[in-house]
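K.L.:
Have a look at the structure that comes next, please.
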Amino acid sequence: MIWAHADGCRVVDSEGREYLDLSGGFGVAALGHGNERVRRALAAQPVVHALGDLAEAEATVALRERLPWPAKLGVTGEDAVEIALRTALLATGKAGIVAFSGAYHGTGLLALAATGFSRFRAPFQPWLPGPVFRRPFGRDPGTLPASAGCVIVEPVQGRGGAGVAPSHFLRTLRARCDEAGALLVVDAIYAGLGRVGELWPGADVADVVCVGKALGHGLPISAALFVNRRLERVWQLGPEDVYTHTHTGNPLACAAALVVLDEVPRLLERVREAGERFAAAGWHGAGLLRARPGDALAAWRRGVIVVPAGEDGSLMSATPPLTITDAEIDEALERLR
């Protein structure tokens, strides 16, 4: 399938067929495809590429000032996870990672090691770092291993199938980390920035919150947010940044992110209302991060774009633009009956 045009919650392919998009481009298009304010922000940038960690554009500086905590910027969501896990090693000196069943943190080797999907890990098992201690999602992991430098968790599991843990789960993890001298890393790359009705889910207990996807609204940017502000210092390792990318802090992506951070807070109540509409139709999850059993390919044939989810791919995931209307939700759900 080749996308030829996308606007709001609708996509047209190269053959002229229109679809209702319940994927939001993997949750990226929070403000709807082709958002005009984002387009204008991109067109207004006087610098389209600077020098990452050596020289930033004004848009990058503005984004750092707009974020609620100090941040180390990345390009992909996996970068943000990598930064967070490396931060834990630098801060604690302990290489162990506690992660959870059904977790998805990315496919770079370090993030992949923490990912719960065995089919992704298996081909690269000889190269995967660790140790990783895997625990059931939503349950108290008990006393952490002595070698654990961090716990990494999604506040609502994304690719794992919109799994929502009990309300006390993250606070239990905070207590376990405090006992063990470990960091709590909250991977809110999918769930954050309004997706589950909150801007920064898990930030009340986290040391580091990872965000990405919707942050750049189609342009690649991510961030590890140091809620524990002291952690920013562990990266002061000399005159050169030891973890960086050519495109870190890209001005165009930062300009888009500034629009997202301005617009999304106004949509949070709407996200909760729209989520209830999905819930009433049998979709579990939170806000507009939803899933239910079903065949994504069959949905595509009916003119609805969803993404396969769950460790066995038996679920359909819905992460539509936060701007989706009730009429569009009803139309999509009707097509999926």
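The values are calculated or read from the model by the stated rules, or taken from the named source; none is laboratory data. These numbers come from a predicted model, not from an experiment. As a convention, Cβ positions derive from the backbone with ideal geometry for all residues, glycine included, and neighbour counts pool all protein chains shown.
K.L.:
Given the conditions (1) under 19 Å from A71 (Cα atoms); (2) part of a loop (DSSP other than H, G, I, E, B), and given that T143 satisfies all but one, which numbered condition is not satisfied?
P.N.:
Every condition holds for T143 apart from (1).
K.L.:
If a residue counts only when it is of a type in the set (K, R), which helices (runs of 4 or more DSSP H) contained entirely in segment 218-337 have at least 3 such residues?
P.N.:
Fully inside segment 218-337 and qualifying: 268-280.
K.L.:
When residues of segment 272-290 are filtered for being out of contact with any helix residue (DSSP H, G or I) (no Cβ under 8 Å at 6 or more places or on another chain) and either exposed (fewer than 14 other Cβ atoms within 10 Å of the Cβ) or more than 15 Å from S23 (Cα to Cα) (or both), how many remain?
P.N.:
7
K.L.:
Further, regarding this structure: Answer yes or no as to whether L110 is surrounded by 19 or more Cβ atoms within 10 Å (Cβ to Cβ), in the same structural domain as R176 (by TED's automatic domain parsing), among the aliphatic types (A, V, I, L, M) and in contact (Cβ under 8 Å) with a residue 24 or more places away in the chain.
P.N.:
When the stated conditions are applied, L110 passes them.
K.L.:
For G116, work out the one condition from (1) under 21 Å from L219 (Cα atoms); (2) more than 15 Å from the chain's Cα centre (by Cα); (3) touching a residue at least 60 places away in the same chain (Cβ under 8 Å) it doesn't fulfil.
P.N.:
(1)
K.L.:
Here's something else I'd like to know. Select from segment 12-32 the residues that are in contact with an Asp or Glu (Cβ under 7 Å, 6 or more places away or on another chain) and farther than 16 Å from I329 by Cβ and write down the one among them that is surrounded by the most Cβ atoms within 10 Å (Cβ to Cβ).
P.N.:
Only one residue tops the list, namely L31.
K.L.:
Considering every residue within segment 155-173, establish whether at least one is in the same structural domain as A88 (by TED's automatic domain parsing), closer than 30 Å to G32 by Cα and assigned to a strand (DSSP E or B).
P.N.:
yes
K.L.:
Could you count how many residues in segment 52-92 are among the hydrophobic types (A, V, I, L, M, F, W, C), under 15 Å from A188 (Cα atoms) and outside any loop (DSSP other than H, G, I, E, B)?
P.N.:
7
K.L.:
Given (1) free of Cβ contacts under 8 Å to residues at least 40 places away in the same chain; (2) part of a strand (DSSP E or B); (3) more than 16 Å from the chain's Cα centre (by Cα), identify the lone condition not met by V186.
P.N.:
With respect to (1) free of Cβ contacts under 8 Å to residues at least 40 places away in the same chain; (2) part of a strand (DSSP E or B); (3) more than 16 Å from the chain's Cα centre (by Cα), V186 is out only on (3).
K.L.:
Looking only at segment 1-51, which residues are touching a Phe, Trp or Tyr at 6+ places or on another chain (Cβ under 9 Å), among the hydroxyl-bearing types (S, T, Y) and assigned to a loop (DSSP other than H, G, I, E, B)?
P.N.:
S14
K.L.:
Is there any pair with a first residue in segment 218-243 that is charged (D, E, K, R) and a second that is assigned to a loop (DSSP other than H, G, I, E, B) whose Cβ atoms are under 7 Å apart and which are 6 or more apart or on different chains, and what are they?
P.N.:
So the pair list comes out as R229/W69; R229/P70; E232/P70; D241/D53.
K.L.:
Let me ask something else. Just to be sure, is A223 under 22 Å from L31 (Cβ atoms), in contact with a His (Cβ under 9 Å, 6 or more places away or on another chain) and at pLDDT 95 or above?
P.N.:
Details: under 22 Å from L31 (Cβ atoms): yes; in contact with a His (Cβ under 9 Å, 6 or more places away or on another chain): no; at pLDDT 95 or above: yes.
Taking the combined requirement at face value, the residue does not satisfy it.
K.L.:
Scan segment 226-242 residue by residue and report those that are among the hydrophobic types (A, V, I, L, M, F, W, C) and at pLDDT below 95.
P.N.:
L237, V242
K.L.:
Within the group P320, P308, P251, P293, which residue is of a type outside the set (S, T, N, Q), without any contact (Cβ under 8 Å) to a residue 40 or more places away in the chain and crowded, with 18+ Cβ neighbours inside 10 Å? I'd like the intermediate steps shown before the answer.
P.N.:
On the way: P320 fails: without any contact (Cβ under 8 Å) to a residue 40 or more places away in the chain; P251 fails: without any contact (Cβ under 8 Å) to a residue 40 or more places away in the chain; P293 fails: crowded, with 18+ Cβ neighbours inside 10 Å.
Just a single option satisfies the conditions, and that option is P308.
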